[in-house]
Amino acid sequence: MATTLTLPAPAPTPKTNRLGLQVLDYRGGKTTLCAGCGHNAISERIIDSMYEMGIQPERVMKLSGIGCSSKSPAYFMSRAHSFNSVHGRMPSVATGAILANKTMQALGVSGDGDTASIGIGQFIHMMRRNLPMVYIVEDNGVYGLTKGQFSATADVGSKLKTGVINDLPAIDICTLAIELGATFVGRSFSGDKKQLSAMIKASLSHNGTVILDVISPCVTFNDHEGSTKSYKYMQEHEEAISEVGFVPHFQEIDVEYDPGTTYDVTMHDGSHLRLRKLHDDYNPTDRVGAVKQLMEAHAKGEVLTGVFYIDTTKPSFTDLLNLVDDPLATLPQSRTRPTKAVLDEVMEHLK
Ligand SMILES: Cc1ncc(C[n+]2csc(CCOP(=O)(O)OP(=O)(O)O)c2C)c(N)n1
Ligand code: SF4
Ligand SMILES: [Mg+2]
């Protein structure tokens, strides 16, 4: 009697991006953060966005300060370069690294304490310079790593688990960023997969300082009744200003486009950031209008999300410095060291 041999089905070919890499190539170490921490969801969105944008992991520099949020670069893109700096001092390390090699994609991940409390001085000057980097603030309103004290982004009246009430006004990272010169400013929520992914992808096409303030609940110290950075509060008070869509430069623009209801921004690399207006009069290039909307929403107790402000015309810090095309870090001594004749001439002038 003849026997039929059933062959196992061939393994499905793994999905790859335009570089032929799999999503696995963008993963990092296993997270040590608490289960349910918003920061873990943000790491996932960074992995997806970098994969979908087809960015070579080795061309990325990850920068952070100190905090649970600042630990998270260890949990995505192991193949990228990484520098976990001192508390609140990531912007100066980023400035040096970007000047040394402006061809790399810089991605900073910080916390609200790292950015708006101890680090506010450095943060402000980074934005003023329009340093070309994506800076994500994983904003939970507390110092998670040191057991949940209020940070400078905690809202007035917000309550700690211990019953302590915050009576100091919050620093709004987005209002501050627009005022101080960042050229791509938005807010999202770690639980909003679609909006956050579109914003990260768009920000990777921008040449200048990108500030993404991402509300990221700390499930251990700040996710209770009375907190304004909890999952429940965000679900009840989030107000999206626009629906964010993004079409990378390597994709055909085939999504339906109704000029009356969308605002289309062409990014530096030819990609398109498409904002479908929910607020009729919203124009993301109007700096004063953006601050006004943020302040009005704050007064009403709403948490606005979306891309608030974008300026693709302002030169970045590296453009302003007029650096040579080759990364400074790769220049041979013959191009960086003045010759003896030039030095002698300088000395002559000093005599
Ligand atoms: C110079 C210095 N001061 C204080 C600390 C203690 N410290 C470590 S992390 C942290 C706050 C982190 O808060 P945040 O940036 O919001 O990160 P989260 O843990 O909430 O993600 C503090 C005060 C430190 N490591 N170094
Ligand atoms: S303490 Fe808070 S911020 Fe830190 S890992 Fe746990 S949930 Fe996240
Ligand atoms: Mg924090």
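Answer yes or no: is there a residue in the stretch 164-174 that is buried (at least 23 other Cβ atoms within 10 Å of the Cβ) and either over 23 Å from the mean Cα position of the chain (by Cα) or among the hydroxyl-bearing types (Ser, Thr, Tyr) (or both). Checked the stretch 164-174: no residue is buried (at least 23 other Cβ atoms within 10 Å of the Cβ) and either over 23 Å from the mean Cα position of the chain (by Cα) or among the hydroxyl-bearing types (Ser, Thr, Tyr) (or both). So for the stretch 190-201 (the condition being farther than 20 Å from Gly270 by Cα, modelled with pLDDT of 95 or more and among the aliphatic types (A, V, I, L, M)), does at least one residue qualify? Yes, the conditions are met somewhere in the stretch 190-201.
Would you check which residues across the stretch 96-121 are small (Gly, Ala, Ser), away from ligand 2 (no atom under 16 Å from the Cβ), in a helix (DSSP H, G or I) and out of contact with any helix residue (DSSP H, G or I) (no Cβ under 6 Å at 6 or more places or on another chain) and list them?
Quick first cut of the stretch 96-121, residues small (Gly, Ala, Ser) only: 96-97, 100, 106, 108, 110-111, 113, 116-117, 119, 121.
Checking which are away from ligand 2 (no atom under 16 Å from the Cβ) leaves us with 96-97, 100, 106, 108, 119, 121.
Now narrow it down to the ones that are in a helix (DSSP H, G or I): 96-97, 100, 121.
Answer for the stretch 96-121, where residues must be small (Gly, Ala, Ser), away from ligand 2 (no atom under 16 Å from the Cβ), in a helix (DSSP H, G or I) and out of contact with any helix residue (DSSP H, G or I) (no Cβ under 6 Å at 6 or more places or on another chain): Gly96, Ala97, Gly121.
Can you go through Ser110, Ser117, Ser92 and tell me which one is more than 12 Å from ligand 1 (Cβ to nearest atom), at pLDDT 95 or above and not charged (D, E, K, R)? Can you show your working first?
On the way: Ser110 fails: more than 12 Å from ligand 1 (Cβ to nearest atom); Ser117 fails: more than 12 Å from ligand 1 (Cβ to nearest atom).
Answer to the selection: Ser92.
Counting only strands (runs of 3 or more DSSP E) that sit wholly inside the stretch 215-323, those with at least 2 residues that are surrounded by fewer than 17 Cβ atoms within 10 Å (Cβ to Cβ) are 262-266. Scanning the stretch 33-50 for residues that are open to solvent by 30 Å² or more (accessible area, probe 1.4 Å) and more than 16 Å from ligand 3 (Cβ to nearest atom) yields Ala35, Glu44, Asp48. Residues that are open to solvent by 10 Å² or more (accessible area, probe 1.4 Å), assigned to a helix (DSSP H, G or I) and not hydroxyl-bearing (Ser, Thr, Tyr) within the stretch 183-197 comprise Lys193, Lys194, Gln195, listed in sequence order.
Taking the stretch 75-95 as the range and being in contact with a Lys or Arg (Cβ under 8 Å, 6 or more places away or on another chain), part of a loop (DSSP other than H, G, I, E, B) and open to solvent by less than 10 Å² (accessible area, probe 1.4 Å) as the test, only Met77 passes. Only residues that are surrounded by 20 or more Cβ atoms within 10 Å (Cβ to Cβ), more than 16 Å from ligand 3 (Cβ to nearest atom) and part of a loop (DSSP other than H, G, I, E, B) were counted in the stretch 129-163, giving 3.
A Cβ distance below 6 Å, combined with a sequence gap of six or more or placement on separate chains, defines the contacts here; from the stretch 5-27, residues that are more than 25 Å from Pro73 (Cβ to Cβ) and outside any loop (DSSP other than H, G, I, E, B) reach no residue that is open to solvent by 50 Å² or more (accessible area, probe 1.4 Å) and of a type in the set (S, T, N, Q).
Hey, among the residues in the stretch 52-74 that are part of a helix (DSSP H, G or I) and open to solvent by less than 30 Å² (accessible area, probe 1.4 Å), which one's farthest from ligand 2 (Cβ to nearest atom)?
Ranking the qualifying residues of the stretch 52-74, first place goes to Pro57.
The set of residues from the stretch 324-342 being farther than 24 Å from Ala182 by Cα and surrounded by 11 or more Cβ atoms within 10 Å (Cβ to Cβ) comprises Asp326, Leu328, Ala329, Leu331, Arg337. Checking each residue in the stretch 96-128 for being open to solvent by 10 Å² or more (accessible area, probe 1.4 Å) and within 16 Å of ligand 3 (Cβ to nearest atom) picks out Ser117, Ile118, Ile120.
Specify which of the listed residues (Ile136, Ile165, Ile171, Ile178) is of a type outside the set (Asp, Glu), closer than 27 Å to Arg45 by Cβ and more than 16 Å from ligand 1 (Cβ to nearest atom). It would help to see each step written out before you state the result.
Numbers: Ile136 fails: more than 16 Å from ligand 1 (Cβ to nearest atom); Ile165 fails: closer than 27 Å to Arg45 by Cβ; Ile171 fails: more than 16 Å from ligand 1 (Cβ to nearest atom).
Result: Ile178 is the single residue among Ile136, Ile165, Ile171, Ile178 that is of a type outside the set (Asp, Glu), closer than 27 Å to Arg45 by Cβ and more than 16 Å from ligand 1 (Cβ to nearest atom).
The values are calculated or read from the model by the stated rules, or taken from the named source; none is laboratory data. Keep in mind that this is a model prediction, so the values were computed, not measured. Ideal geometry is used to build each Cβ from the backbone, glycine not excepted, and the neighbour counts take in all protein chains shown. Calculation scope for accessible area: heavy atoms of the full protein, side chains included, ligands and nucleic acids excluded. Shrake-Rupley method; radii C 1.70, N 1.55, O 1.52, S 1.80 Å.
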